[in-house]
Amino acid sequence: MGWNKQAIFPVGVLRKSEMREQLNLVGAAEQHLLWKNRLGHHIQGDLNEALDPGLVGQSGICQLGAWIKGSELHALRETRAYCELDSAHALFHEFGAEIIRRLKQGDRAEAGSIFKNEYSLAMQHIVQALTKINHLLQEP
């Protein structure tokens, strides 16, 4: 005897359940924190690898950016949390690129200032938005 999954679990719940399975929101936040730490080491002079600000400035280059612009988060596009995530993530990449440009110009002080202020704030907003999205995905 078969049973109708959709009769028990509404479509929206299935969609959220599938999204929870597909998306590693904690991992996405961790990846950005690791990148932030890596960039911080560049500012401190502990790392000296070639970084391309044009590449870093592209918010769609990372997995989270692909989710934001792709179909993974499509169902949430009308939510405030999604809009906040999209904006904060774009700023994170823009400020990251600006930090690299400043470092290439030898302006370590300004790079550090952007890192401590705008860049860190963008990172905080990413984490906050991901937390809100996670809560949305937990709702029935």
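Can you spot a residue in region 104-119 that is of a type outside the set (Phe, Trp, Tyr) and within 20 Å of GLY27 (Cβ to Cβ)? So that I can check it myself, show each step before the final result.
Of the residues in region 104-119, the ones of a type outside the set (Phe, Trp, Tyr) are 104-114, 116-118.
Of the ones still in play, those that are also within 20 Å of GLY27 (Cβ to Cβ) are none.
No, that holds for no residue.
Which of the residues belonging to region 9-45 are assigned to a helix (DSSP H, G or I), over 18 Å from the mean Cα position of the chain (by Cα) and at pLDDT below 90? Even if it seems obvious, please write down each step before you answer.
So the first thing to find is which residues in region 9-45 are assigned to a helix (DSSP H, G or I), and the list is 11-22, 25-44.
Of the ones still in play, those that are also over 18 Å from the mean Cα position of the chain (by Cα) are 11-18, 41-44.
Correct list: VAL11, GLY12, VAL13, LEU14, ARG15, LYS16, SER17, GLU18.
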* Does region 46-58 contain at least one residue that is loosely packed, with under 15 Cβ neighbours inside 10 Å and under 21 Å from GLN22 (Cβ atoms)? -> no
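Of all residues in region 99-108, which are assigned to a helix (DSSP H, G or I) and surrounded by fewer than 19 Cβ atoms within 10 Å (Cβ to Cβ)?
Looking only at region 99-108, we keep the residues that are assigned to a helix (DSSP H, G or I), and these are 99-104, 108.
Of everything in region 99-108, those that are assigned to a helix (DSSP H, G or I) and surrounded by fewer than 19 Cβ atoms within 10 Å (Cβ to Cβ) turn out to be ARG101, LYS104, ARG108.
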* Matching residues in region 51-98 - criterion: being part of a loop (DSSP other than H, G, I, E, B) and free of Cβ contacts under 8 Å to residues at least 12 places away in the same chain -> GLY70, SER71, ARG77, GLU78
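Being among the small types (Gly, Ala, Ser), part of a helix (DSSP H, G or I), within 12 Å of the chain's Cα centre (by Cα) and surrounded by 21 or more Cβ atoms within 10 Å (Cβ to Cβ): is that true of ALA111 here?
On the way: among the small types (Gly, Ala, Ser): yes; part of a helix (DSSP H, G or I): yes; within 12 Å of the chain's Cα centre (by Cα): no; surrounded by 21 or more Cβ atoms within 10 Å (Cβ to Cβ): yes.
Considered against the rule, which asks whether it is among the small types (Gly, Ala, Ser), part of a helix (DSSP H, G or I), within 12 Å of the chain's Cα centre (by Cα) and surrounded by 21 or more Cβ atoms within 10 Å (Cβ to Cβ), ALA111 comes out as no.
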* Asked: Scanning for something out of contact with any helix residue (DSSP H, G or I) (no Cβ under 7 Å at 6 or more places or on another chain), at pLDDT 95 or above and not basic (Lys, Arg), does region 96-103 turn up at least one residue?
  -> no
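Which count do you get for residues in region 104-120 that are of a type in the set (A, V, I, L, M) and either touching a helix residue (DSSP H, G or I) at 6+ places or on another chain (Cβ under 7 Å) or under 18 Å from GLY65 (Cα atoms) (or both)?
If we filter region 104-120 for residues that are of a type in the set (A, V, I, L, M), which is where we start, we get 109, 111, 114.
Checking the rest, the ones that are also either touching a helix residue (DSSP H, G or I) at 6+ places or on another chain (Cβ under 7 Å) or under 18 Å from GLY65 (Cα atoms) (or both) come to 111, 114.
Residues that pass the stated criteria total 2.
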* Determine which member of the set ASN117, ASN134 is touching a residue at least 12 places away in the same chain (Cβ under 8 Å), among the polar types (S, T, N, Q) and in a helix (DSSP H, G or I). => ASN134
* Failed condition for ASN134, given (1) surrounded by 17 or more Cβ atoms within 10 Å (Cβ to Cβ); (2) in contact with a Leu (Cβ under 6 Å, 6 or more places away or on another chain) -> (1)
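The values are calculated or read from the model by the stated rules, or taken from the named source; none is laboratory data. Because the structure is a prediction, the values reported are computed rather than measured. Reconstructed Cβ throughout: ideal geometry from the backbone, glycine too, with neighbour counts over all protein chains shown.
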